Every structure is written in C-alpha cells, then in structure tokens.
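> Pasting a structure below so you can have a look.
The values are calculated or read from the model by the stated rules, or taken from the named source; none is laboratory data. The shown structure was predicted, so the numbers you read here are calculated from the model rather than taken from an experiment. For neighbour counting, all protein chains shown are included, and Cβ atoms are generated from backbone atoms with ideal geometry for every residue, glycine included.
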Amino acid sequence: MSKTALEKLVARFGPVVTAQHAQHGNETASIQPASWVEVATYCRDTLGFDMASDLTVVDYLGQEPRFEVVLHLYAVATKQRLRLKTRPPGSDGDDETPVIASLFGVWPAVNWMEREAYDLYGVKFEGHPDLRRILMYEEFVGHPLRKDYPKEKRQPLVRRPPAET
Amino acid sequence: MGLEFHTSRLADAVAWGRKYSLFQYPFVTACCGMEFMSTMAPKYDLARFGAEFPRFSPRQADLLIIVGTIVEKQAPVLRRIWEQMTEPKWVIAFGVCASTGGFYQNYTSVPGADQIIPVDVYIPGCPPRPEQVLDALVLLQERIQDHKGFSQVRLKAEHDKIISANKLVRR
C-alpha cells in the first residue's frame, strides 16, 4: 500500500510537523506556524489537496500559545482528507495579537473563512487582501467566540428609549 | 351632546374598518416563516380575518408581523421599516424568538423585538401553531376596536421623546 498523505508530509518536512495523529484514515498534522504557507503549498501541489473545505480556530484559553488554526483539506481526485493545525505565536489574549500567514495565495477559497476567523477569534491573517469583519457589524468591539468574551454581553446598535412609568 | 355621540360612533366605525382590513408587512427572518406561510395558506387562511394582503412595502402596511429571530446587526433595519409605516400601526411578535429572543442568549440576538419597537401582541411557541396566530390576530382586532392598541399608546410617548431629542418640529 502506498504511503498516506500524512506519511509523505512527515517524510518531506520532518521536524516541521510537531505532532501527528491518524485513525481510520482521519489524518491530522500539527505544523510549525513559520512553515504554514510552505506546507500548504506542498499539500496542494504535490499531495493533490486541491480543495480547502474549512478553516477554523480553537481557543485554548490559559494555554500558550492560546489559539490554534485548523485547516481541513480535501483531495477531489483521490477522495482523501487531511487536517492541518498550527498555533500562531504571541497569542497572549491581547486583541489582534496572534498573527499567521494567510493562505489566500494557495487556496482563494479561504478568503471568507479567514475573515470569519478574524471576526470571531481575532486571529490576524497576514497577507489577506481584505481582512475585515464578515459576520458582525463594524461597530462591534472584540471577538465574540473567544472564551473570555462574556456570554451575556450585548453590543446593541439600536434600542428603544426606556419606558415611561 | 349630539355631536359627542356622533364622533364616538364615527371612531368606532373607523376602528371597525381598520380591524378588518389589516395590511400586513411580514418581516420574515427565520424558520417561523414556514409556519407563517401555512397560516397564510388556504388551510388556515389568515385572509378570513381580513388580513388578506402581505404588502412588501412598509408604506402600504399597518400591521408589522415580526416572524423569527432578530439579530443585533439587523435591528436598525427593523426599526427603520417600522418607522416607515404609516400610522396607525400595530406590531405582532411571531414566535418566542421575536418575543423574547427565545433560546438565543448570546452576543448576536436581540432579546425580544420589543427592545427595538413597541409590540402589541406576542405569540409564544417555537414555532407557534397556526391557531395561535389566528388567536393573536383576533386579539389584536379586539384591541383595535376598543382603541387599546398598546403600541399606539407607547408610540405617542416615544415619538414625542424622539422628536424632542432630535429637536425636530412636527408639522
């Protein structure tokens, strides 16, 4: 049986892959953030992952680095899936602090996904052509899916005047 | 005395006309819309009660039916649509999301449309049964006949407040 995409990735990049996991063909590789674009380009060109199906962020509040960017890839021809993770440095919880290179140049499809990740988690994607909020309104302050965003906090745009008694 | 008697009966006649010719503006944002459609459809047929026409222009409507969740981003739009409606106007909150925010207790949802505009009748349910919707409409009709439209009373007070706040002169 031929090598899996994960094995090829590890053979090519070695220590850049900091952690890996594979079970029932469900393959995950944790990547050093400095090589994020390089690994992504390799996955697209050599491993044939031509579709970026999802890009999300996980907030590990209390850990350092705090945020983890998760990328889901799919190869249409071979029907393979691969999950890439990376932890951008400097994510100490300050607004806008975590910075990771944008994958817009590799898969243009990540355009809105990265905007969503920026909007809800405050992870900045360097090199993104149009990094602004996509779901929340412009007046919104903060990033609501961060674990330290108060659950009941509202930022209303319009409210009725208080009722006269 | 005769004049007094005459005007009150005229007001009642006008109210009678208004309650049986409610032109509605369905502000449909979410899944409750499906239930609203079934209420409009022949089986339950909201038209039997005079609320025949959905007018998709707020300027031609006098009943705003808020069907579904209102999010904070959308709130200014709803407020503006309500402001564009001509008076007298009434508002029905259709379903728990429009009434209270429902199970959405988070950064994105408005906890009830009455945070933005005054509401006459609230319909609970997720979604409400069509019978509840018809009941709400009949309830609103009774209030219109009795000149007790809640939002109308609140409307006057708030309107004056806004006008004075904006230093506008009402012509």
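> Kindly indicate whether A:Val70 is of a type outside the set (Ser, Thr, Tyr) and under 23 Å from A:Lys147 (Cα atoms).
Yes.
> Another question about this same structure. Could you tell me whether any residue of the stretch B:6-18 is closer than 21 Å to B:Pro124 by Cα and modelled with pLDDT under 90?
No; the residues of the stretch B:6-18 include none that is closer than 21 Å to B:Pro124 by Cα and modelled with pLDDT under 90.
> Restricting attention to strands (runs of 3 or more DSSP E) lying wholly within the stretch B:20-111, give those where 3 or more residues are out of contact with any Leu (no Cβ under 8 Å at 6 or more places or on another chain) and more than 14 Å from every other protein chain (Cβ to nearest Cβ). Outline the logic, then answer.
Values: elements: B:24-28, B:63-67, B:90-94.
In the stretch B:20-111, the matching strands (runs of 3 or more DSSP E) lie at B:63-67.
> Now, a different point. Quick one: which of B:Ile162, B:Ile116 is out of contact with any strand residue (DSSP E or B) (no Cβ under 6 Å at 6 or more places or on another chain), surrounded by fewer than 17 Cβ atoms within 10 Å (Cβ to Cβ) and either modelled with pLDDT under 85 or within 14 Å of chain A (Cβ to nearest Cβ) (or both)?
Working: B:Ile116 fails: surrounded by fewer than 17 Cβ atoms within 10 Å (Cβ to Cβ).
Going through B:Ile162, B:Ile116 in turn, the sole match is B:Ile162.
> Another one. List the residue pairs whose Cβ atoms are under 8 Å apart, where the first residue sits in the stretch A:47-74 and is in contact (Cβ under 8 Å) with a residue 60 or more places away in the chain, the second is acidic (Asp, Glu) and part of a strand (DSSP E or B), and the two are 6 or more positions apart or on different chains.
A:Val57/A:Glu68
> Hey, can you tell me all the residues within the stretch A:1-33 that are more than 14 Å from A:Arg83 (Cα to Cα) and loosely packed, with under 13 Cβ neighbours inside 10 Å?
A:Met1, A:Ser2, A:Lys3, A:Ala11, A:Gly14, A:Pro15
> Looking at A:Leu135, A:Leu120, A:Leu131, A:Leu82, which one is within 24 Å of A:Thr18 (Cβ to Cβ) and of a type in the set (A, V, I, L, M)?
A:Leu82
> Continuing with the same structure: Quick one: which strands (runs of 3 or more DSSP E) sit completely within the stretch A:29-114 and have at least 1 residues that are farther than 23 Å from A:Ala11 by Cβ and not hydrophobic (A, V, I, L, M, F, W, C)?
Correct list: A:51-59, A:67-75.
> Same structure, new question: Restricting to the stretch A:49-72, what's the tally of residues that are of a type in the set (Gly, Ala, Ser) and surrounded by fewer than 16 Cβ atoms within 10 Å (Cβ to Cβ)?
Looking only at that region, the number is 2.
> Among (1) modelled with pLDDT of 90 or more; (2) part of a loop (DSSP other than H, G, I, E, B), where does A:Asp148 come up short?
Among (1) modelled with pLDDT of 90 or more; (2) part of a loop (DSSP other than H, G, I, E, B), A:Asp148 violates only (1).
> How many of the residues making up the stretch A:122-160 are closer than 30 Å to A:Ala34 by Cβ and among the acidic types (Asp, Glu)?
So the count comes out to 3.
> Answer with yes or no whether B:Glu87 is touching a residue at least 60 places away in the same chain (Cβ under 8 Å) and surrounded by fewer than 19 Cβ atoms within 10 Å (Cβ to Cβ).
For B:Glu87, the condition - touching a residue at least 60 places away in the same chain (Cβ under 8 Å) and surrounded by fewer than 19 Cβ atoms within 10 Å (Cβ to Cβ) - is met.
Per-residue answers, yes or no, for (1) buried (at least 18 other Cβ atoms within 10 Å of the Cβ); (2) facing chain B (nearest Cβ under 10 Å); (3) of a type outside the set (Asp, Glu); (4) touching an Asp or Glu at 6+ places or on another chain (Cβ under 8 Å):
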| residue | (1), (2), (3), (4) |
| --- | --- |
| A:Leu103 | yes, no, yes, yes |
| A:Tyr121 | yes, no, yes, yes |
| A:Asp130 | no, no, no, no |
| A:Leu135 | no, yes, yes, yes |
| A:Lys153 | no, yes, yes, no |
| A:Pro161 | no, yes, yes, yes |
